[in-house]
1. Quick check: pseudo-label points 7 Å beyond the Cα along Cα→Cβ at Val6 and Glu25, how many nm apart are they?
2. For the pair Glu49 and Ala13, how long in nm is the line joining their label points, each one 7 Å along Cα→Cβ?
3. Suppose R0 equals 30 Å. What FRET efficiency, 1/(1 + (r/R0)^6) with r the Cβ-Cβ distance, do Glu36 and Leu137 give to the nearest 0.05?
4. Test of understanding: what is the full-extension gain from Asp148 to Arg91, defined as 0.36 nm times their sequence separation minus their Cα-Cα distance?
Amino acid sequence: GTTVRVRVPLTLAIIPALVVRCGAERFAIPQAAVGELIPLRGDGGPRIEGLEAAEVLRVRGRLVPVVFLDEFLGLRPRTACRAGGTVVLVRVDDHEFGLVVDSARTGAAAVADRTITEAASLSTIVVKPIGSLLAQLGIYSGATVLGDGGVVLILDLRGILRAARLPPLLRPDA
């Protein structure tokens, strides 16, 4: 019945994360929150639908709200986000939602599996604190430097959830 909590300083935190590409930028999503990756294709596969002015994805009979990451962060306007991509299903507390990120297709013959691996990669990252200006936004929890020298911001999924005003998990379909 004893609970032991250890607080690790932010500069010592090492976590597995999914590094995703969105526009010309890369972002890290903590792996503990990632459920699955779903490629969006125009060949009758999964697609984003509109429900009462909100975008949702139908996943195995349930509706999951989605956030277009590039639109949410102001990287591109709404019309540029619709063509395709990959949905990263994440779960935070009692909420489940999808983050739509780019899939870096290199040609018309890109295979679905290749699309997912180009859109995201799994890495073990060292969390570094971010400056106070970015911390005030509430959507970034830190930053990391990847092996190629690129700096990647780590997304705070709870902050995105609050900022996007997403509803809790929907009840099963009637």
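1. With each label point 7 Å from Cα toward Cβ, the separation is 3.4 nm.
2. 3.7
3. The value I calculate is 0.65.
4. 17.6 nm
Where a number appears in this text, it was derived from the coordinates with a stated rule and is not lab data. This one's a predicted model, so the numbers in the text were calculated from it and none came from an experiment. Backbone-built Cβ (ideal geometry, glycine too); neighbour counts: all protein chains shown.
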